[in-house]
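A.B. asks: I have a structure here, written as structure tokens, and I will follow up with some questions on it.
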Amino acid sequence: MGVRQGSSKLIHFKFLSLIMLALLIGCSEQEQINLPDYEKAADTPALGDRLVGASIGDATNLIPMLASDSSSSSIAGQLYLSLLKYNKNLEVVGQLAKSWEISEDNKSITFKLRKGLKWSDGAPFTSHDCEFTLKLIQDDNTQSPHKSEYLLVTGTDTPDDLTFTVHYDEAFSPA
């Protein structure tokens with residue numbers, strides 16, 4: 001019986017020692033975690049991060065102009081940037097465009113693109129890419145749920161690599 005009590009005391013001592021060690025480790029000075037300043041980083045994309053979301057269905061297409069279901073549109077909206085977007089207050093703000101101007105007759109919109117934008121392969125993003133994308137949506141062979149809105153654009157101008165203008169025959173408020 002004397003040996004049993006001794007081993008029981010030893011087990012209690014070891015257990016108590018482990019708890020004390022855990023408390024000491026838990027109370028030690030921890031490294032401060034620096035969270036990003038989201039207000040300053042609003043225009044800076046996060047690199048190497050991930051977005052986890054839930055959807056009621058699988059995406060069928062990840063090309064924004066062709067996405068016709070909500071799952072595809074939701075994912076494509078996270079993968080591609082647009083000239084303009086809505087911020088958290090539902091105000092229109094520039095994304096690829098740093099500024100835009102609507103003509104006095106409300107029939108043209110001129111976008112000034114941000115400098116230094118690049119495609120994932122390193123090629124510069126220019127006004128000619130905007131024009132190409134618009135013409136692709138308007139093409140007879142492209143089936144897009146958004147096509148009818150883009151068919152109202154009657155012309156474009158690309159006077160330089162950072163200026164893209166769209167023209168309408170009449171004012172079109174959704175534009």
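A.B. asks: Would you kindly work out the equivalent ellipsoid of the range 72-164 from its C-alpha gyration tensor and give its semi-axes, the square roots of five times the eigenvalues, largest first in whole Å?
C.D. replies: 19, 18, 17
A.B. asks: Suppose R0 equals 22 Å; then what is the FRET efficiency for residue 71 and residue 102 from their Cβ-Cβ distance, rounded to the nearest 0.05?
C.D. replies: After rounding to 0.05, the efficiency reads 0.10.
Throughout, read-outs are computed from the coordinates displayed, never taken from laboratory work. Predicted, not measured: the structure shown is a model, and the values here were computed from it. All Cβ positions, glycine included, derive from the backbone under ideal geometry; neighbour counts span all protein chains shown.
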